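Data first, discussion second: the structure below is written as structure tokens.
The values are calculated or read from the model by the stated rules, or taken from the named source; none is laboratory data. Just so we're clear, the structure is a prediction, and the values are computed from it rather than from any experiment. Methodologically, a virtual Cβ is constructed for each residue, glycine included, from the backbone with ideal geometry; neighbour enumeration extends over all protein chains shown. Protein only, heavy atoms only, side chains kept; ligands, DNA and RNA dropped before computing areas. Shrake-Rupley method; radii C 1.70, N 1.55, O 1.52, S 1.80 Å.
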Amino acid sequence: MAQGREAKGNARHADHIPLDAVLSVFEGRDDHARPVTASDVIQTVGCSRRTAHNKLNELVDRGTLKTRKVGSRSRVWWIPITDPLDGVLAEPSAGPPVEDVDLPGTGKTLESRQAALRAAYEYLQEHPEAKKSDFLQEVFSEYPAEYETAEGWWNAIQPALAQLPGVDPPEERAHVWHFLGG
């Protein structure tokens, strides 16, 4: 019977723990790169494990925190770092240095081919192992760059793509392009 009252007391106490109290655990760390565990929240806020998990997961649902499982029964949380330039460099010149790569055309034609190259590069970043057919299906259809055929498009894009940072083109007779980072 006493256990039931204690559980009800904890449930009421959980309602009174503001999300800001949980966030203060993140702000109070000496090393802001270190993720937080539920135990960190329990020790700092003084709540049950269930309450800590509920509050942390609520912050994940709101987009304030990110989480990741790190063992069979362990999980960590962190405040995601956002790029202060996100949205600021959304102009055509943002992204890889495609302006320095030799592509055929001038004016609007060159701009559309640079946009196609940029899209192919971004596709490879998102899919670090991609085949020619993947580029043709996923990128050419959206960015034809004034080419009438996929083959013509690929003949212009693939040598330019190979010049961009972090791109590892396939060896002779191989088919898979790799993105190594950069």
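Residue under question is A150, and the condition is that it be in contact with a Ser or Thr (Cβ under 8 Å, 6 or more places away or on another chain) and surrounded by 14 or more Cβ atoms within 10 Å (Cβ to Cβ); does it hold?
no
Filter the range 26-53 for residues that are open to solvent by 90 Å² or more (accessible area, probe 1.4 Å) and closer than 14 Å to R75 by Cα and give the result.
R34, R49, R50
So, in the range 75-103, exactly how many residues are open to solvent by 60 Å² or more (accessible area, probe 1.4 Å) and at pLDDT 75 or above?
Selection size over the range 75-103: 7.
Looking only at the range 54-74, count every residue that is closer than 15 Å to F26 by Cα and either part of a strand (DSSP E or B) or of a type in the set (K, R) (or both) and tell me the total.
Final tally of qualifying residues: 3.
Can you run down the residue pairs with Cβ atoms below 7 Å, 6 or more apart or on separate chains, where the first is in the range 100-121 and on the phi < 0 side of the Ramachandran plot and the partner is among the polar types (S, T, N, Q)?
V101/Q163; L103/Q114
So for the range 120-142 (the condition being within 17 Å of V98 (Cα to Cα) and part of a loop (DSSP other than H, G, I, E, B)), does at least one residue qualify?
No, every residue in the range 120-142 fails to be within 17 Å of V98 (Cα to Cα) and part of a loop (DSSP other than H, G, I, E, B).
I want to confirm something. Restricting to the range 126-142 and keeping residues that are over 23 Å from the mean Cα position of the chain (by Cα) and within 15 Å of A115 (Cβ to Cβ), which single residue is most open to solvent (accessible area, probe 1.4 Å)?
Ranking the qualifying residues of the range 126-142, first place goes to S141.
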